[in-house]
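Trainee: Below: one structure in structure tokens.
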Amino acid sequence: MYDIWLALNILFELFLGYLPLVAAIVVAWLVLMAIAFGRGRPGWRRGLGPALMLALLVAIAAFLAIPSLTKSSLSEMGYWVDWANLIAIALGFGGVALALAWPLFATLRRRFR
């Protein structure tokens, strides 16, 4: 239980350190949403497929790249909490990619009728 608590504390401290970046991503998402709705009738359903594919690619790339970016490797991860954190971080990157790409693809594939 201590390991989980330690991991959550580390993630919270990292979040505080990256708060300006998180705020910039939220502002970018709001701008993309405003553009999607401002241009009229975004194609949310038609834009979801490409956005999901991009998010999946980003999540896979993050899963493979994060260990080397932290001067580690996949072979050094021997504890389940390490794997859970890596998967959660990779899914977080994929989620951010989905949140930013979906309004963009919905705008590009908007309905004209």
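Trainee: Tell me the Kirkwood radius of the chain: reciprocal of the mean inverse pair distance over distinct alpha-carbon atoms, in Å.
Mentor: Roughly 15.9 Å, rounded to one decimal.
Trainee: Across segment 46-52, in residue order, what do the Karplus-derived ³J(HN,Hα) couplings come to in whole Hz, using 6.51 cos²θ - 1.76 cosθ + 1.60 with θ = phi - 60° and x for Gly and Pro?
Mentor: In residue order, the calculated couplings are 6, x, 5, x, x, 5, 5 Hz.
Trainee: Turning to a different aspect of this structure: Whose amide H sits under 5 Å from the amide H of R41, counting only residues 5 or more places off or on another chain, with H placed in the peptide plane?
Mentor: When sequence neighbours closer than 5 places are left aside, there are no close amide H contacts.
Trainee: Show me 103-110, 21-28, 80-87, 58-65 ranked by packing, highest mean number of other Cβ atoms within 10 Å first. Show your work: numbers first, answer last.
Mentor: Values: 103-110: 19.2, 21-28: 11.6, 80-87: 13.8, 58-65: 16.0.
Most protected by this proxy first, the peptides run 103-110, 58-65, 80-87, 21-28.
Trainee: Could you pull out the trypsin sites (Lys or Arg not before Pro) across segment 1-101 that fall in loop regions by DSSP (anything but H, G, I, E, B) with no more than 14 other Cβ atoms inside 10 Å?
Mentor: Counting only loop positions with at most 14 other Cβ atoms within 10 Å, the trypsin sites (Lys or Arg not before Pro) in segment 1-101 are R39, K71.
Trainee: Quick one: what are the phi-derived ³J(HN,Hα) couplings along segment 36-44, Karplus 6.51/-1.76/1.60 with θ = phi - 60°, whole Hz, x for glycine and proline?
Mentor: Once θ is set to phi - 60°, the couplings for segment 36-44 become 4, 7, x, 7, x, 6, x, x, 4 Hz.
Trainee: Return one whole number: the accessible area per residue of the chain in Å², for a 1.4 Å probe.
Mentor: 72 Å²
Trainee: Which order do you get for L100, L14 if you rank them by accessible area with a 1.4 Å probe, largest at the top?
Mentor: So, going from the largest accessible area down, we get L14, L100.
Trainee: By the scheme Lys and Arg +1, Asp and Glu -1, what is the net charge of all other residues having a beta-carbon under 15 Å from that of W83?
Mentor: Once all neighbours under 15 Å are counted, the net charge is -3.
Trainee: If you don't mind, another one. Read phi for every residue in segment 71-77 and hand back ³J(HN,Hα) as whole Hz from Karplus 6.51 cos²θ - 1.76 cosθ + 1.60, θ = phi - 60°, with x for Gly and Pro.
Mentor: Karplus values, whole Hz, x for Gly and Pro: 6, 9, 7, 5, 6, 8, 8.
The values are calculated or read from the model by the stated rules, or taken from the named source; none is laboratory data. Only a predicted model underlies this, so the values are computations on that prediction, with no experimental measurement involved. Here Cβ is always computed from backbone atoms with ideal geometry, including for glycine, and neighbour counts include all displayed protein chains. We work out accessible area using only protein heavy atoms, side chains counted, and drop any ligands, DNA or RNA first. Shrake-Rupley method; radii C 1.70, N 1.55, O 1.52, S 1.80 Å.
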